[in-house]
Amino acid sequence: MELGKDLVAASATPLVLAILAEGDSYGYAIIKRVTELSGGHLQWTDGMLYPVLHRLERHRLVAATWGASESGRRRKYYRITKEGRAQLALQRQRWQVVDNTLRGIWLKACTA
């Protein structure tokens, strides 16, 4: 099933913030987690993820630090900030409104 670009883009911020709320992570691991959570329906690329991470960092919703990977190479790790957690709570409320609205109209459509 192909998800439209608009839906993928709209869901990027809450997905990244929710993943980082689980714990600090780095780009490739975030991409893998999105694929896992979506059952393979969302296939993010570096070119899609890193602009989102950089925007979140500019807005101080995430913070980044350099660390060493298991192989010894440097890797940039991201963590959610206090402001990011507040934004995640707001995003959750917004998406719940959308979800409840769609469920309501679809329920009516199925019983009509």
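The values are calculated or read from the model by the stated rules, or taken from the named source; none is laboratory data. Values in this document were obtained by computation on a predicted structure and should not be read as measured data. So basically every Cβ, Gly included, is an ideal-geometry build from the backbone, and we count neighbours across all protein chains shown.
Given the structure, is Ala64 of a type in the set (A, V, I, L, M, F, W, C) and under 15 Å from the mean Cα position of the chain (by Cα)? So that I can check it myself, show each step before the final result.
Working: of a type in the set (A, V, I, L, M, F, W, C): yes; under 15 Å from the mean Cα position of the chain (by Cα): no.
In short, no.
Would a scan of region 38-47 turn up a residue that is touching a helix residue (DSSP H, G or I) at 6+ places or on another chain (Cβ under 7 Å), at positive phi and of a type in the set (D, E, K, R)?
No, region 38-47 contains no residue that is touching a helix residue (DSSP H, G or I) at 6+ places or on another chain (Cβ under 7 Å), at positive phi and of a type in the set (D, E, K, R).
Against the condition of a type in the set (S, T, N, Q) and either in contact with a Gly (Cβ under 8 Å, 6 or more places away or on another chain) or at pLDDT below 95 (or both), how does Thr111 come out, does it pass?
Values: of a type in the set (S, T, N, Q): yes; either in contact with a Gly (Cβ under 8 Å, 6 or more places away or on another chain) or at pLDDT below 95 (or both): yes.
Yes: the conditions hold for Thr111.
Can you list residue pairs whose Cβ atoms sit under 7 Å apart, with the first residue in region 95-112 being in contact (Cβ under 8 Å) with a residue 60 or more places away in the chain and the second being part of a helix (DSSP H, G or I)? Count only pairs 6 or more apart in sequence or on different chains.
Trp95/Pro14
Quick one: Thr81 ticks every box in (1) within 17 Å of Val16 (Cβ to Cβ); (2) more than 14 Å from the chain's Cα centre (by Cα); (3) surrounded by fewer than 12 Cβ atoms within 10 Å (Cβ to Cβ); (4) β-branched (Val, Ile, Thr) except a single one, so which number is it?
(3)
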